[in-house]
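Structure first, commentary second.
Laboratory data are not the source of any read-out in this text; all were calculated from the coordinates shown. Since we're looking at a predicted model, the values are computed, not measured. Counting neighbours? That spans all protein chains shown, and the Cβs are built from the backbone with ideal geometry, glycine included.
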Amino acid sequence: EYDMIGMDYWYADQQVQCPSDEDNARAIKRLIDLGFLDRILLSQDVFIKMMLTHYGGFGYAYVVTHFARRLKRHGVSDQQIATMLIDNPRRVFSAL
């Protein structure tokens, strides 16, 4: 699972910077190029109200509505995006 998409935050109490979406897109493209496409699940977190669209955040659909376009700019095909967003989750959850 490739998590933390859309979370370009600095956690001062932990001295941790989350990766930017640009960094995430480059890393995911690299994983695809290394042959891991069938193992990648994309996810994001929405765990505080400021992450909801009503309060100015990205909301629940960010990976599909925005991040997928960023992946395309990095050379990830529509079919590869569908594999990560549809096929891989279907395979994982049908194995339960």
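Using C-alpha pairs below 8 Å separated by at least 6 residues, the relative contact order for the chain is 31 percent. Considering only ILE40, ILE32, ILE48, the Gaussian network model of the chain with Cα springs below 10 Å gives its largest mean-square fluctuation to ILE48.
Put in order of Cβ neighbour count within 10 Å, fewest first, the listed residues HIS54, HIS66 become HIS54, HIS66. Can you find, among LEU52, ALA82, HIS66, the residue sitting farthest towards the positive end of the charge dipole of the chain, where Lys and Arg contribute +1 and Asp and Glu -1 at Cβ? The one lying farthest along the dipole's positive direction is ALA82. Of all stretches in the chain that contain no chymotrypsin sites (Phe, Trp or Tyr not before Pro) in a DSSP loop with at most 13 other Cβ atoms within 10 Å, the longest one is 61-96.
Consider a paramagnetic label point 7 Å from the Cα of SER43 along Cα→Cβ; state which residues of segment 77-96 have an amide N under 18 Å from it. Once the point is set 7 Å along Cα→Cβ of SER43, 83-96 turn out to lie under 18 Å by backbone N, inside segment 77-96.
The C-alpha atoms of the chain occupy a region whose extents along the principal axes are 36, 26, 24 Å, arranged from largest to smallest. Residues LEU41, LEU85 in ascending order of nearby Cβ atoms (within 10 Å, fewest first): LEU41, LEU85.
Proximity of backbone amide H atoms, modeled 1.01 Å from N, is registered between ILE5 and SER43, ASP45 at under 5 Å, excluding neighbours fewer than 5 places apart on the same chain. Segment ALA27..HIS66, full-extension length gain: 12.4 nm, with 0.36 nm per residue of separation and the alpha-carbon distance subtracted.
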